[in-house]
Amino acid sequence: MSGLRIPILLNGLWAVANGLLHDGFVLAKHKTGYDRELLRLLMDGHILLTCGVVHLFAQAAVDEGRPLILWLCAATSLSMLVHCAMIFPFLKSVVTMALNTAVLVFVLWKLYRL
């Protein structure tokens, strides 16, 4: 396992776990039925789940030397950082931001060295 796979794997596991927890708590607390607020809250969890799954699939292929996988990781981490910045006034996702920043830096460094 390469050194780049580990942060991508950790980031993917963290995002999937937090997405599942987020959606579970949202569904448990939301009592008014399906409405715009529920949809908005579920989308936050689904963003985490989708980005996490992308990272999990990408970490399995990162050692194959395909630059597209690295660009996919960079784009996914960047989108998570933008998402975290948008929700920062309401939820301080410091660990998620730190993990995605680390993955973005490592991936860009690897792309620079190709």
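The values are calculated or read from the model by the stated rules, or taken from the named source; none is laboratory data. From a predicted model like this one, the values you see are computed outputs, not experimental measurements. Heads up, the Cβs are rebuilt from the backbone with ideal geometry, glycines too, and the neighbour counts pull from every protein chain shown.
Return the residues of the range 39-53 that are surrounded by fewer than 22 Cβ atoms within 10 Å (Cβ to Cβ), hydrophobic (A, V, I, L, M, F, W, C) and in contact (Cβ under 8 Å) with a residue 12 or more places away in the chain; say none if nothing qualifies. Correct list: Leu41, Leu42, Ile47, Leu49, Val53.
Quick grid of which residues meet (1) under 17 Å from Ser93 (Cα atoms); (2) among the acidic types (Asp, Glu):
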residue: Asn11; (1), (2): yes, no
residue: Val16; (1), (2): yes, no
residue: Leu20; (1), (2): yes, no
residue: Leu27; (1), (2): no, no
residue: Gly33; (1), (2): no, no
residue: Glu37; (1), (2): no, yes
residue: Leu42; (1), (2): yes, no
residue: Leu49; (1), (2): yes, no
residue: Gly52; (1), (2): yes, no
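Being in a helix (DSSP H, G or I), in contact with a Ser or Thr (Cβ under 9 Å, 6 or more places away or on another chain), modelled with pLDDT of 95 or more and within 18 Å of Arg5 (Cα to Cα) narrows it down to one residue among Cys84, Cys51; which is it?
Of Cys84, Cys51, the one residue that is in a helix (DSSP H, G or I), in contact with a Ser or Thr (Cβ under 9 Å, 6 or more places away or on another chain), modelled with pLDDT of 95 or more and within 18 Å of Arg5 (Cα to Cα) is Cys51.
To keep it simple, each residue is scored yes or no on (1) of a type outside the set (A, V, I, L, M); (2) within 23 Å of Val105 (Cα to Cα).
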{"residue": "Leu9", "(1), (2)": "no, yes"}
{"residue": "Val26", "(1), (2)": "no, no"}
{"residue": "Ile47", "(1), (2)": "no, yes"}
{"residue": "Gly65", "(1), (2)": "yes, yes"}
{"residue": "Leu70", "(1), (2)": "no, yes"}
{"residue": "Cys73", "(1), (2)": "yes, yes"}
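Residues in the range 88-114 that are in contact with a helix residue (DSSP H, G or I) (Cβ under 7 Å, 6 or more places away or on another chain), free of Cβ contacts under 8 Å to residues at least 60 places away in the same chain and part of a helix (DSSP H, G or I): Met97, Thr101, Leu104, Leu108, Leu111. Every condition in (1) under 16 Å from Gly52 (Cβ atoms); (2) small (Gly, Ala, Ser); (3) loosely packed, with under 15 Cβ neighbours inside 10 Å holds for Ser77 except the one numbered (3). Residues that are closer than 19 Å to Ala17 by Cα and more than 14 Å from the chain's Cα centre (by Cα) were ranked within the range 88-114; the one that is modelled with the lowest pLDDT is Leu91.
When Glu37 is tested against (1) assigned to a helix (DSSP H, G or I); (2) in contact with a helix residue (DSSP H, G or I) (Cβ under 9 Å, 6 or more places away or on another chain); (3) not aromatic (Phe, Trp, Tyr), exactly one condition is not met: (2).
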